[in-house]
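Asks: My structure is below; once you've seen it, I'll send some questions.
The values are calculated or read from the model by the stated rules, or taken from the named source; none is laboratory data. The shown structure was predicted, so the numbers you read here are calculated from the model rather than taken from an experiment. All Cβ positions, even for glycine, are placed from backbone atoms using ideal geometry, and neighbour counts span all protein chains on display.
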Amino acid sequence: MYYKRRVKKGPIIAIVVIILVIILVICGINLYKYYTSDEYLLGEAGYSEKEIKEILKFDEKYITYAIENKYEDDFIPLIKEKYFLWKNYDNYIKYIDDVYGDKKVDYSKVISLVNVGANFEPYTHTKKTDMDKGNAILVNKYTSLPEKYAPSDVVEMSNWYSYPGNSIRKEVYDAFREMFNAAKEENLTLIVNSSYRTYEVQKEIYDDYESNRGKEYADKYAARPDFSEHQTGLSVDIFSPGSNMSTFEGTDEFKWLSENSYKYGFILRYPKGKEDITGYSYEAWHYRYVGKDLAKKVYDSGLTYDEYYAYYLDN
Ligand SMILES: [Zn+2]
């Protein structure tokens with residue numbers, strides 16, 4: 001007898017179906033992964049392959065932003081900048097559009113100016129400084145002291161250290177004396193020319209300029225009351241005996257201060273070439289006390305205090 005071998009088809013069909021289902025599921029998952037991948041979504045948002053590669057190197061939040069927002073050709077150069085601050089992104093873009101148009105953009109400068117608020121005119125968009133910051137408080141043309149602020153621990157300076165009529169906060173005086181003595185060991189003499197100024201005195205100075213030469217001139221050469229670092233009791237104008245605003249930069253005392261003041265807690269507040277950031281002309285003589293630790297950090301950063309504060313302390 002010959003029996004036709006009977007093949008049971010049921011299990012084979014079942015196996016084939018299972019395999020097909022598995023293949024379909026894998027394809028589906030892959031397809032889903034493809035359509036939801038950052039690469040795909042960035043491509044859809046308008047970025048080129050090269051740009052996508054750049055963006056993918058950054059934090060998830062940047063990638064998400066790039067996906068959710070329309071293509072922006074300033075996006076990558078901006079987020080590559082060291083001092084990029086996410087909260088300022090829209091202001092960077094607005095500033096670039098307003099100021100640069102089609103010209104080549106200096107992104108580093110855009111970041112600096114917008115971070116410190118200097119994309120606005122001085123004394124517009126002002127806010128009160130955070131007094132909880134203590135010796136680190138920021139005072140500039142956008143950030144003021146509380147109204148008619150006066151520190152409580154101001155002491156008079158001896159004429160060994162200053163021209164007559166100077167006073168300063170106790171802690172600053174101690175730090176200045178330490179710095180003075182260190183300079184003395186190098187046969188250099190520092191002398192304080194101007195220090196703590198009350199609201200009233202600052203107002204007098206400003207009003208004087210204003211009534212004689214107009215508001216624009218006054219704003220250029222004097223700070224408005226409550227906006228002056230001298231009113232904090234943390235700033236000193238330092239000269240060597242006999243030098244003045246135009247000659248101090250050429251003295252050995254200035255050279256020494258440039259290299260050493262941070263060791264005693266003082267930083268040069270209005271450096272050369274940073275006028276548009278600080279809002280002040282270069283002042284070789286104006287030093288601000290922030291304490292030794294912070295002074296070293298600011299010095300090492302190479303930033304103006306406005307930039308340093310915006311990035312590290314107000315963020
Ligand atoms: Zn000064």
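Asks: Taking the condition at negative phi and more than 16 Å from the ligand (Cβ to nearest atom), does Thr189 pass?
Replies: Considered against the rule, which asks whether it is at negative phi and more than 16 Å from the ligand (Cβ to nearest atom), Thr189 comes out as yes.
Asks: Moving on to the next point. For segment 201-237, give me each residue that is under 18 Å from Leu138 (Cα atoms), modelled with pLDDT of 95 or more and either within 13 Å of the ligand (Cβ to nearest atom) or among the aromatic types (Phe, Trp, Tyr) (or both).
Replies: Gln202, Phe227, Ser228, Glu229, His230, Gln231, Thr232, Gly233, Leu234, Ser235, Val236, Asp237
Asks: Hey, another quick one. Looking at segment 163-180, is at least one residue among the β-branched types (Val, Ile, Thr), within 16 Å of the ligand (Cβ to nearest atom), part of a strand (DSSP E or B) and surrounded by 14 or more Cβ atoms within 10 Å (Cβ to Cβ)?
Replies: The answer is yes, given that some residue of segment 163-180 is among the β-branched types (Val, Ile, Thr), within 16 Å of the ligand (Cβ to nearest atom), part of a strand (DSSP E or B) and surrounded by 14 or more Cβ atoms within 10 Å (Cβ to Cβ).
Asks: Please determine whether any residue of segment 243-264 is on the phi > 0 side of the Ramachandran plot and in the same structural domain as Arg169 (by TED's automatic domain parsing).
Replies: For segment 243-264, residues on the phi > 0 side of the Ramachandran plot and in the same structural domain as Arg169 (by TED's automatic domain parsing): absent.
Asks: Could you tell me which numbered condition Lys141 fails, if it satisfies all but one of (1) touching a strand residue (DSSP E or B) at 6+ places or on another chain (Cβ under 9 Å); (2) surrounded by 13 or more Cβ atoms within 10 Å (Cβ to Cβ)?
Replies: In the conditions (1) touching a strand residue (DSSP E or B) at 6+ places or on another chain (Cβ under 9 Å); (2) surrounded by 13 or more Cβ atoms within 10 Å (Cβ to Cβ), Lys141 misses (1) alone.
Asks: Could you tell me which residue of segment 194-214 is farthest from Gly265 (Cα to Cα), considering only residues that are surrounded by 17 or more Cβ atoms within 10 Å (Cβ to Cβ) and either of a type in the set (S, T, N, Q) or in contact with a Leu (Cβ under 8 Å, 6 or more places away or on another chain) (or both)?
Replies: Gln202
Yes or no, residue by residue, for (1) acidic (Asp, Glu); (2) farther than 25 Å from Ala310 by Cα:
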site: Asp38; (1), (2): yes, yes
site: Glu51; (1), (2): yes, yes
site: Thr64; (1), (2): no, no
site: Asp74; (1), (2): yes, no
site: Tyr83; (1), (2): no, no
site: Tyr89; (1), (2): no, no
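Asks: Under the condition of being more than 12 Å from Val236 (Cβ to Cβ) and surrounded by 18 or more Cβ atoms within 10 Å (Cβ to Cβ), which residue from segment 275-290 is farthest from the ligand (Cβ to nearest atom)?
Replies: Ile277
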